[in-house]
Structures are given as C-alpha cells and as structure tokens.
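The structure under discussion appears below in the form of structure tokens.
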Amino acid sequence: LPCPRTGLGRAGSAAILPAMYAFRGETWGQKAIQFKVPLICLGSLAAARQLRKFRRLRARPSFEEQLSEGNNDYDKMRVPVRDGSVSIALKRFMDKEGMARSVVRGIPAPPPVLLVHDGPGLPSRYLEPLSTRLRRPNGRACYLYDQLGCGQSKVESKPLGGFGLKQSVEDLKSVLRYMCDELGENEVHIFAHGFGGALVMEGLLKDQLGQTEGLRIRSVILLGTPSNADEADEEARRLMAEAAAVVGVYDAAQSFWFRHVCALKPQPECLADAYSQGADGPASDWRGFGALRGWDLRPADLNDVADDLGKTWRLRGDSCLKGWSLTRSDVAEFYRKKSAPPLLCLRGEHDFVTAACFEAWRGADARLRYREQNIGGCGHNAHLEHPEATAAQIRLWLLDVEDNTNTRERREAGMSLSVSEAPQELGMQKWTFLAQDEARERLNGWASELSWQHQRSPPEKPGAWRSVGQGLPHRAVFAPSRSARRLAEWARKLQGLPAPRSSQIIPTEAVATIREVFARAQVVQRKLHLSSKPRLALGLLEDDRTATEACVKAIVCVEAENLNSVRIVGAAAAPDLPSEVRDGAVKQVTTMLSMATQV
C-alpha cells in the first residue's frame, strides 16, 4: 500500500528518506552511523544475556535427573523365605562418602531405614529416589525389598502358602531376621507406603513384628496408609464421583490420576518402571490396593454421574484387603506398651487416602508417640512430586527419635528431666521471643524476597496437570514464599502473651520461659473462657550479635493445645541461608519443647 503521507509505495518511501535528512542538514549515512553503535551494543547485551541463560539452563540437571541421581548404586542380596523354597530380592543403598565422614569424626553410623513399597504387586523401584535423599548426608543406609511376586522377586509358580497379608508379614519378618543375622543390623527405622503400611501395622499389632527377629524397630513412618481398607475404597469412589461431576465421565479417570495419585507429567521413569515390573503370572490376582487397582467403565446406578451411554467408573475387581481394618482401640492398646515404636503419619494434601482414613492411627499417644503431617499440593506419591520436602520431614523425624529416645523413656517412667540435663545438641546459640509486629515484619519481608528468587530461578519440574479448578497450580504450590506468608498471617495472634521481647537467651533458659508463657496463657484462657490457642515465635540469632533486625536468621512458630500438647506450626529461614539452618532450628526447638512439656 502507498504511504499515507507521501503517496509513494515501499520503494518510494525508502527513496525519499535520504532527501528528508538532507533537507535537515544531515546525510543518511551520518544518521545511520549515529544509531549504529548503540543498537549494536544493545543487541550484544541481549545476546550475552540469552547465552548466559542458555548455559545456566543447560548446566542445570533436569527434574528427572535430579530425581534419579544415585539410584543405581546398590548391593543386591537374596533373602530365603517360605522355608527356603523361594527368595526375595533385598537392595542395600549406602552413602559411602557420608559413612567415611562419620568414621573420620568418630561418630557411629545412624540406624538404617527399611522401605516397604505399596501395592501389592508394585515393586520398590519407585522408592529409590527417596532412599537417595534419606541416606545423605550422614551415611545412613537404606534397604528396599521387592515383595514376593513382583519386580526382582517374581516367581514362576505359586509359592508355598500362596499370596496374602499374613504371608507378606512373615516375609517381612524374614527380611528383618536376615538384616540382623547376616548383615549385623541391630536396629532399624521402617518407612512404609500405602499397602506397605498396612502390612507393617498388621505385623506390629497382631503378629509381634520386631519382637522375635533380633533387632529393634526404632520408629515407623507411614505415607498414605489407611487404617480401614473398605473406608479407603469408599473415599476413592467419592473422589472419582467428584472428578466426574467437574470434568465429565470421559476425563474423570485421567483427572483422578493426576490429582490424587501423581501429578507429574511426563511420568517419572522410576514409577513407570515399577508399573512395568508389577506382579503378573501366578501373582496377577495379588495386585493393587485401594484406588491403585484401577478403574473400569460400567453401567451406572440411578444417582451416579454417567456418560451418554449410561456408564460410570467403578473400581476394578475386589480389594485384596477387603474387610481388613485396625481400630483406634487396637492402636491405643498397642501403644500402652513401652516397646511400641514412635509413629509418624504422612499424607499428600490431595491423596486418595484422605484424613478420615487416618482415624485409627490417632489412637497412639499424641504427646509421646504420634505425629501427623500433611505435604501440601501432593497426591499419593508425595515423595516423587515434592521429594525434597518429603525427605526433609522424614529426616527431621529420624533425628528427633534418635535424639529424644532417652528423654521419652524417662518421661514414660515418670521421672523428671531437669533443664540442666539438656542434650548437648542444643549448644549455646542465642534465641529471642518475637512479638507480633517483629515476627510479621520479618516473615513478610522474607516471603517477598523468596518470591522474587522463585520467579528469577523457577524450579525444573515437569508440566503441571493439576489445574486451578482442581486446587492450586502444581508449580505454585511449592513456592517457598507461601510458607513464610502463611506464618506471617499466623503471627497475627501473637499479641498478649507475656513473652520477653528482644531478649537473648540460651536454649536451657528458653525451656523455662516456654513453660512459663504457656502456663500463664492457659490461666488467662480459663478465666476469660477464650478459645484461641497460645502461640510463640522463637527467633534464632546469629552468633555474638544483638537482637536487631538483621541478625534473626530463622523463626520457628509454636502453638499449644495445652501444656502437654505443643506442636511446631512451621519454620522459615532468611532467604540468603540454606535450608539446613531452618531444619537445625526446628530440631533444637523440638528438643526444647520436649523438655518444656515434661510431666
């Protein structure tokens, strides 16, 4: 089209430009030279910036590479079971560098962790990334075994005794006995996922697991384990009906998987391998637990959400644990024994094993033996969706159990523990109690800085398939700024507590202060009939510094139901500090609370 000002076409417009600059006393060449240098500079800067970004992304390992790092470095052994007629594969993962550091420092290696996989019929391959994160950095060994009939423990014919829960418990006992007799292990932590948790708790409560194998079970960690198989099935059906109502029957099964099982796409290689190595042949009927059995389109009932052909999704086949359950009274009775191991229950926020399925586990003593935690934004496979956060919670639990065992045993025996008997791990670091305005100002400031850091270097995660309509976007869930922002909102109710402000005290002094603060707050609550819970925000100070704005490097938020039931709500560290600072602060506060709430 011709130029609206000159009436000339593209060529004519280009030809008239030199004449226009000549009329102004400038030549076209001079004008080009005038703009050439800055344009070249700007282009070079942009190209250099893109090159640096490309090199940084290229050097950064992908999420799959980070997840699978060190998974192939293990020793494999065969454990005879069923009177020696068959054997199962036992894998041992060891952090040799961490063990060398422990030897140099003269520190004994911590107790190992035995990981028991979900299923039945889903081998332990998908738990290998978690074992990598649990065995570092202190040289902790991790053991995984494939239950009979799947993975590296497949059989060509039906074994002696067949397949079932009781037989699986006996196989687990054989593994523990082998670890004690052949590998020299005298104590172990047990992590169990899904069906693996049902297997472990059945053995503990009804088959004397850990009593006859020669080694001590230090603690049990359950991830996504229901206490009632029928209730878990009902919750899965309810969640599938909700998904069908939101996205339609055709897309409901896929939506259920990405929301409640694993939201990662592409699917992690370890999980895909586990499903490809699942139980088949003689063990094909012993496969799947709860919603992991799979779904089939079947004729719908009158009140069901159905497609155009009148079909809806139904759980495939009968549950291999149909009718199995443990009651709260069963758990409470077991945890009256002094030998009962402490219990940590974890679940993803969107897990198809809902909070209602945890009812029986709450029968354990909440103050001494039991802790329950949710992992935000995750489904059933939280250890894959958010591996670092899941592993961090488990590592802290292991350290708490190992550090506080003697303290707990003395408290159960009715013996008092004086402040002067504080563990040496507390050290002499300085702490301060933060008032409402101080805590909120710091936490909000940290949240803003963390948010900018998150935007400048987003995490390398696969695509998100958990839509906004199904919950928070998958990637945004894990922004570290969210935790600090939530704690800042939590700190709104810190006012009114008689905690010292901007003081510097060592941990042994903080124990007495914590006890005094919560005792006074409870008196005020009873007199005024208040329902709010007493709260404290403890700030960890830098060494040899005063309690100023810049020297608080971590904040731990604490809330009390009563003087004997105090819990850590959350913790945050300054954005320029590693997560180990926050974890160390949580560990110290956990020990202080254990002493402050003694009988």
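The values are calculated or read from the model by the stated rules, or taken from the named source; none is laboratory data. Computed from a predicted model, the values in this text were never measured in an experiment. When we count neighbours, we look across all protein chains shown, and the Cβ atoms used for this are built from the backbone with ideal geometry, even at glycine. Areas reflect the complete protein model, heavy atoms only, side chains present, ligands, DNA and RNA absent. Shrake-Rupley method; radii C 1.70, N 1.55, O 1.52, S 1.80 Å.
Below are the figures for this structure:
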| item | result |
| --- | --- |
| Enumeration of residues in the range 254-271 that are open to solvent by 30 Å² or more (accessible area, probe 1.4 Å) and either part of a loop (DSSP other than H, G, I, E, B) or of a type outside the set (S, T, N, Q) (or both) | W257, R259, K265, P266, Q267, E269 |
| Failed item, numbered, when S329 is tested on (1) without any contact (Cβ under 8 Å) to a residue 40 or more places away in the chain; (2) touching a helix residue (DSSP H, G or I) at 6+ places or on another chain (Cβ under 9 Å); (3) part of a strand (DSSP E or B) | (3) |
| The listed residue being surrounded by 20 or more Cβ atoms within 10 Å (Cβ to Cβ) and in contact with a strand residue (DSSP E or B) (Cβ under 6 Å, 6 or more places away or on another chain), out of G288, G210 | G210 |
| Test: residue in the range 88-102 that is within 22 Å of C320 (Cα to Cα) and either under 18 Å from the mean Cα position of the chain (by Cα) or at pLDDT below 85 (or both) | no |
| Breaking point among (1) surrounded by fewer than 23 Cβ atoms within 10 Å (Cβ to Cβ); (2) assigned to a helix (DSSP H, G or I), for K158 | (2) |
| Enumeration of residues in the range 180-220 that are within 26 Å of the chain's Cα centre (by Cα) and part of a loop (DSSP other than H, G, I, E, B) | G194 |
| Filter result (on the phi > 0 side of the Ramachandran plot and of a type in the set (D, E)) within the range 141-185 | none |
| Given (1) without any contact (Cβ under 8 Å) to a residue 40 or more places away in the chain; (2) open to solvent by less than 10 Å² (accessible area, probe 1.4 Å), index of the condition Y145 fails | (1) |
| Matching residues in the range 71-93 - criterion: being open to solvent by 50 Å² or more (accessible area, probe 1.4 Å) and not acidic (D, E) | N72, Y74, K76, R78, P80, G84, S85, R92 |
| Counted residues, the range 141-194 - those being among the aromatic types (F, W, Y) and in contact with a Ser or Thr (Cβ under 8 Å, 6 or more places away or on another chain) | 1 |
| Subset of the range 346-362 (residues that are part of a helix (DSSP H, G or I), in contact (Cβ under 8 Å) with a residue 24 or more places away in the chain and surrounded by fewer than 21 Cβ atoms within 10 Å (Cβ to Cβ)) | A356, F358, R362 |
| L538 vs. criteria assigned to a loop (DSSP other than H, G, I, E, B), at pLDDT 65 or above and in contact with a strand residue (DSSP E or B) (Cβ under 7 Å, 6 or more places away or on another chain) | no |
| Selected residue [open to solvent by less than 10 Å² (accessible area, probe 1.4 Å) and closer than 24 Å to P80 by Cβ] from L172, L134 | L172 |
| Residue list for the range 393-414, restricted to those being within 17 Å of Y335 (Cβ to Cβ), open to solvent by 30 Å² or more (accessible area, probe 1.4 Å) and either touching a Lys or Arg at 6+ places or on another chain (Cβ under 7 Å) or at pLDDT 50 or above (or both) | E412 |
| Failed item in (1) charged (D, E, K, R); (2) at pLDDT 75 or above; (3) part of a loop (DSSP other than H, G, I, E, B), with D437 passing the rest | (3) |
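To keep it simple, each residue is scored yes or no on (1) out of contact with any Pro (no Cβ under 6 Å at 6 or more places or on another chain); (2) part of a strand (DSSP E or B); (3) open to solvent by 50 Å² or more (accessible area, probe 1.4 Å); (4) at pLDDT below 75.
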site	(1), (2), (3), (4)
L530	yes, no, yes, yes
K533	yes, no, yes, yes
D543	yes, no, yes, yes
A550	yes, no, yes, yes
K553	yes, yes, no, no
E559	yes, yes, no, no
V569	yes, yes, yes, no
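So that you can scan it fast, the table gives a plain yes or no per residue for (1) open to solvent by less than 10 Å² (accessible area, probe 1.4 Å); (2) part of a strand (DSSP E or B); (3) more than 19 Å from F352 (Cα to Cα):
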site	(1), (2), (3)
A241	no, no, no
D273	no, no, yes
L292	no, no, no
D301	no, no, yes
L309	no, no, yes
W313	no, yes, no
